[in-house]
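The values are calculated or read from the model by the stated rules, or taken from the named source; none is laboratory data. From a predicted model like this one, the values you see are computed outputs, not experimental measurements. For neighbour counting, all protein chains shown are included, and Cβ atoms are generated from backbone atoms with ideal geometry for every residue, glycine included. For accessibility, only protein heavy atoms count, side chains too; no ligands or nucleic acids. Shrake-Rupley method; radii C 1.70, N 1.55, O 1.52, S 1.80 Å.
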Amino acid sequence: MRDSGEHNQARDGVIVSARDLSIEYRSVSSRFRHTAVCGVSFDLREGEVLGVVGDSGSGKSTLAAAIAGLADSGGPEGGVGSICGGSLRVFDTELRGISTRARRRLTVKIGYLAQDGAQQLNPRLTVAENVAEPIFLRDRRFDSREAGHAVATLVDAVHLPLSILERQPFELSSGQRQRVALARALILEPILFLADEPISGVDLMVRHDVLDVIPELQEARGFSAIVVSSDLAVLTQVVDRMAVLQGGVIVGIGSLNSLVASPEHPYLKSLARAVQEQGFPSGRDRGDGPLQKSTSQ
Ligand code: ADP
Ligand code: MG
């Protein structure tokens, strides 16, 4: 599905590069301003899965939406953040002040599962039509057989039976709906995949079914990913490194082990205590690498 001959995806294997990035929300009159992300710096490398963890309101969704290319796009009344400081480069394209055309070119290469992705499925379309929709929004004349094949492959890859293709979203369980949303976000074979709270709203018993699919697909397809969650135990199973956000600021970035090894920041101290008490599995988190302060990244 990806354009052949595409190039210039990343410089030196860096897919996302944020430097001193700040994002604010403005009221229509611009009298009210709220800085939700404040001076954030980090890199996402090719093939890496980076977690973003933090309490509710710490700026995770604002950051993810900006990386997905949604910041600045709707104006103040659009309810989206606006990049007001620093820089955010995705595939070596600067997102601050990006033109509509360049944004469209860029977002085709990004799969974005929004926080309410499963609720955003179109209730009037079948599962197959929901998953295929991004293909036809991009190219109305795309071969329908080829699209059907891509949809079936992906639905199978997220471990859903092909019998659900003709069903409608309301007929599915929460876990199935989320996996359909996941398939939809991946149908254009993105180079970068962003998942915002991928298991929120999914029944406890089937959370693993949804979560396990992410590292599986990442290995099969080789995309780079950012997974956002307020649940540390969730993230440790799927990420290589994590960035800890508090009040819009990165207070630590690195593997879980390195983050909790010698925590200085009070928030990291409480994280270390939680890890000690609950004994999280290390999962993909390889536990190496020193804690890097956001500014040194
Ligand atoms: P998280 O995803 O970590 O819960 P968010 O990125 O949703 O955090 O929100 C970060 C901060 O920005 C919060 O203080 C929140 O109230 C504020 N915020 C989020 N969306 C908007 C919006 N559309 N307009 C104004 N403020 C917002
Ligand atoms: Mg959020």
Exercise. Give a residue-ordered list of calculated ³J(HN,Hα) values for segment 219-225 (Karplus: 6.51 cos²θ - 1.76 cosθ + 1.60, θ = phi - 60°; whole Hz; x for Gly, Pro).
Key: 5, 5, 9, x, 6, 9, 8
Quiz item: What does the accessible area of K109 come to, in Å² to the nearest 10, when a probe of 1.4 Å is used?
Solution: 30 Å²
Exercise. Using only Cα atoms, tell me the angle between helix 144-157 and the longest principal axis of the chain; keep it within 0 to 90° and round to the nearest 10.
Key: 50 degrees
Quiz prompt | Antiparallel bridges, percent of DSSP beta bridges restricted to the chain (to nearest 5) | solution = 60 percent
Practice problem: Mind telling me which of S30, S174, S56 comes out most flexible in a GNM of the chain, alpha-carbon contacts under 10 Å? | Solution: S30
Quiz item: Based solely on its DSSP helices, what 222 nm [θ] is calculated for the chain when runs of n ≥ 4 H residues each add -39,500 (n - 2.57) and the sum is averaged over all residues, nearest 500 deg cm²/dmol?
Solution: -9500 deg cm²/dmol
Quiz prompt | Degrees, to the nearest 10: 266-278 long Cα axis against longest axis of the chain | solution = 70 degrees
Practice problem: Compute the long axis of helix 174-186 from its Cα atoms, compare it with the longest principal axis of the Cα atoms of the chain, and write down the angle in degrees, 0 to 90, nearest 10. | Solution: 90 degrees
Exercise. Taking DSSP loops as anything outside H, G, I, E and B, show the longest stretch in the chain free of GluC sites (Glu not before Pro) there with at most 14 other beta carbons within 10 Å.
Key: 7-165
Quiz item: Just how much of D43 is accessible, in Å², when a 1.4 Å probe is used and the result is rounded to the nearest 10?
Solution: 20 Å²
Quiz prompt | For the chain, the fraction of alpha-carbon pairs in successive 5 Å shells from zero, as % | solution = 1, 5, 12, 16, 18, 17, 14, 10, 5, 2, 0, 0
Quiz item: Using 7 Å Cα-to-Cβ label points, what is the V206/R105 separation (nm, one decimal)?
Solution: 4.1 nm
Quiz item: Out of V151, V213, V180, any idea which swings most in a Gaussian network model of the chain, alpha carbons joined below 10 Å?
Solution: V213
